[in-house]
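A short write-up of the structure that comes next.
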Amino acid sequence: MRDNVPMRESPFLAPHLRGLGTTIFSEMNQLALEHDAVNLGQGAPGFDGPEFVKEAAVAALRAGHNQYRRSGGEPVLVEAIAEHQRRFYGLDYDPMDEVTIYAGATEAIFASLQALCGPGDEVVLFEPFYDSYLASVAMAGATPRAVTLRSPEFAFDPAELDAVINERTRLVLLNTPHNPSGKVFTRDELEAVAEICRRRDLIAVSDEVYEHLVYDGTHLPLACLPGMRKRTVTISSTGKTFSLTGWKIGLTCAPPALTSALRTAHQFISFCQPGPLQLAMATALAAPDDYYEGLAEQYRALRDRLLSGLEQAGFAVMAPASGYFVLADFRPLGSDDDVAFCHRMVEEARVAAIPPTSFYIHKEHGRQLVRFAFCKPASVIDAAVERLIRWTAR
Ligand code: PMP
Ligand code: GLN
């Protein structure tokens, strides 16, 4: 299937969207198609979601539920999410007033920024970041300020965070577990963010879509830190947890005053999501612990498979603690420009990956890295590794 073809910027594009270009995921998908490459670019699972969730969707679809739905989300789904937050984190949210459903975490991020900031406001992000953050900040008319998570540890300096904050700062946008590094923010790191939010009276938007894909360490929601529940919008995506990314069922948990602001934006962005898919996700979230543990185990094995293959091919890698991406340093292979490297790799090795400078404002920090996705069947990872080993051995 042809993806959004990268094209020159349209003369019709409004000024505040200029420079956003074509998302790197579509660009690399298109190149993968053109070169018949094994595609380890976009974080799209290479397998289907669980049968019991699909069956629940089919049953819900046959039973009706096909007209416009409640804008905040199906009651059974928001209740299931409130129960999930209690079960895994001991957090109490009122389903009807504090939980909202969106067209994926992408809409949740967009709606949060539309609702909470505007021209003149500054938004603090940690780079590298999921690429929609910058676009969402731009569409809200706000200004991004980036704090760099520096490879290979992807740690940050709280003094640097403090230094970018000023009287125009409106919110801090965090992502833990983190795409693309796989970093799971520690309690101390989260406390450093929380301390600044409390002291400077900032809202936190915490994107936690990889909450159940953790291999080392423990995911701690930012809202669990003292004084943070009342100022935090927590975002997640059932697409990641149930390997059904195309269903685009995302969510926020936030106190009523923040939720009310988010819903003002959400009602005019998508209004509501498909009823049958929401009902199926309510069934999904109630899965026993075995499901959640099995998911992480499955991804851990795929991660290790890809890591050892990339090492054999000559990349310098560090095991990501979470998520479904490996960031590899390709300098041992004699190159130092991620975009050029990824283009050469897709053309010559016929393996597609993502050049991560798209995830940075200060691009010099990502130029030596390439992001590979391991949310793929073992056979696909093996095929990519085989091609890479042959290519780098030339
Ligand atoms: N946040 C992060 C960090 C992501 O990596 C992604 C997608 N991979 C999203 C949000 C978007 O999630 P969704 O597909 O539910 O829109
Ligand atoms: N978040 C996914 C990734 O990082 C991509 C989602 C998208 O293509 N919009 O690969």
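With a/c under 1.5 counting as rounded, go ahead and sort region 125-173 into rounded, prolate or oblate using the C-alpha gyration tensor (a ≥ b ≥ c being the square roots of the eigenvalues; past the cut-off, prolate if a/b is larger than b/c, else oblate). Oblate, since a/c reaches 1.5 and b/c is not below a/b. Solvent exposure of the chain amounts to 41 Å² per residue of accessible area, where only protein heavy atoms count and the probe is 1.4 Å. Taking the Cα centre of region 259-383 as origin and assigning +1 to Lys and Arg Cβ atoms and -1 to Asp and Glu Cβ atoms, the resulting dipole is close to 340 debye. Solvent-accessible area assigned to carbon and sulfur over region 3-113 amounts to 55 percent, based on a 1.4 Å probe. If R0 is 41 Å, the Cβ-Cβ spacing of Arg300 and Asp157 corresponds to a FRET efficiency of close to 0.85.
Can you give the FRET efficiency to the nearest 0.05 for Ile361 and Asp337, using r as the Cβ-Cβ distance and R₀ = 22 Å? Numbers along the way, then the final one.
Numbers: r = 18 Å, r/R0 = 0.80.
Efficiency, rounded to the nearest 0.05: 0.80.
Report, for region 137-238, the % of DSSP beta bridges that are antiparallel, rounded to 5. Could you put the intermediate results ahead of the total?
Numbers: 1 of 10 bridges.
Among the beta bridges of region 137-238, antiparallel pairing accounts for roughly 10 percent.
Approximating the spin labels as points 7 Å out from Cα along Cα→Cβ, the Val58-to-Lys230 distance works out to 4.9 nm.
The spacing between region 281-299 and region 52-120, judged by their C-alpha centroids, is 18 Å.
Using a 10 Å cut-off on Cβ atoms, rank the peptides 101-111, 313-323 from the highest mean neighbour count down. Show your work: numbers first, answer last.
On the way: 101-111: 24.9, 313-323: 20.4.
Highest to lowest by the protection proxy: 101-111, 313-323.
Compute the signed sum of charges (Lys and Arg +1, Asp and Glu -1) over the other residues within less than 13 Å, Cβ to Cβ, of Ala63. Write out the running numbers ahead of the final one.
Details: positive: Arg62; negative: Glu55, Glu74.
Neighbourhood net charge equals -1.
In the chain, helices alone account for a calculated mean residue ellipticity at 222 nm of -12000 deg cm²/dmol, with every DSSP H run of four or more residues adding -39,500 (n - 2.57).
Would you mind pulling out the separation of the Cα centroids of region 162-178 and region 198-220, in Å? A separation of 13 Å, based on Cα centres. With the charge dipole of region 28-105 set up from +1 on Lys and Arg Cβ and -1 on Asp and Glu Cβ about the Cα centre, the Cα lying farthest toward the positive end among the listed residues Ala60, Pro95, Ala105 is that of Ala60.
Placing dummy labels 7 Å off each Cα toward the beta-carbon, the span from Arg199 to Ser308 is 4.7 nm. Relative to the Cα centre, the charge distribution of region 116-215, modelled as +1 at Lys and Arg Cβ and -1 at Asp and Glu Cβ, gives a dipole magnitude of about 160 debye. Judged by the ratio a/c of the largest to the smallest principal axis of the C-alpha gyration tensor, region 304-394 counts as oblate, that ratio being 1.5 or greater while a/b is no larger than b/c.
Could I get the Rg over Rh figure for the chain? Both from C-alpha atoms, Rh via Kirkwood, rounded to two places. Show your work: numbers first, answer last.
Numbers: Rg = 20.5 Å, Rh = 21.5 Å.
Over the Cα atoms of the chain, Rg/Rh equals 0.95.
Would region 1-126 count as rounded, prolate or oblate if I go by the C-alpha gyration tensor, calling it rounded below 1.5 in a/c and otherwise prolate when a/b exceeds b/c, oblate otherwise? It is oblate, given that a/c is not under 1.5 and a/b is not larger than b/c.
Packing-wise, with mean Cβ within 10 Å as the measure, how do 147-154, 204-211 rank, highest first? Display every interim value, and only then the final one.
Values: 147-154: 16.6, 204-211: 25.9.
Put in order of decreasing packing, that is 204-211, 147-154.
Run the accessible area of region 148-277 with a 1.4 Å probe and give the carbon-and-sulfur part as a rounded percent. Could you put the intermediate results ahead of the total?
On the way: 2460 of 4590 Å².
Of all accessible area on region 148-277, carbon and sulfur atoms account for 53 percent.
Work out, step by step, the length gained on full extension between Arg18 and Met139: first 0.36 nm times the residue separation, then minus their alpha carbon distance; give nm to one decimal. Don't skip to the answer; put the middle values down first.
Numbers: separation 121, 0.36 × 121 = 43.56 nm, distance 1.04 nm.
Going from the current span to full extension adds 42.5 nm.
What does the extension gain come out to for Asp216 and Ser270, with contour length at 0.36 nm per residue minus their alpha carbon separation? Before the final figure, lay out the partial values.
Values: separation 54, 0.36 × 54 = 19.44 nm, distance 3.62 nm.
Between Asp216 and Ser270, full extension yields an extra 15.8 nm.
Remark: region 219-308 carries a charge dipole of roughly 440 debye about the Cα centre, counting +1 on each Lys and Arg Cβ and -1 on each Asp and Glu Cβ. Here's how it looks for Val147: its modeled amide H is under 5 Å from those of Leu125, Phe126, Glu127, which are all 5 or more places away or on a different chain. The phi-based Karplus calculation (6.51 cos²θ - 1.76 cosθ + 1.60; θ = phi - 60°) puts the 3J(HN,Hα) values of region 151-167 at 6, x, 7, 6, 8, 10, 9, x, 5, 5, 5, 4, 5, 7, 8, 8, 5 Hz, whole numbers, x for Gly and Pro.
The values are calculated or read from the model by the stated rules, or taken from the named source; none is laboratory data. All values reported here derive from a predicted model rather than from experimental measurement. All Cβ positions, even for glycine, are placed from backbone atoms using ideal geometry, and neighbour counts span all protein chains on display. Accessible surface is based on the protein model in full, side chains and every heavy atom, while ligands, DNA and RNA are left aside. Shrake-Rupley method; radii C 1.70, N 1.55, O 1.52, S 1.80 Å.
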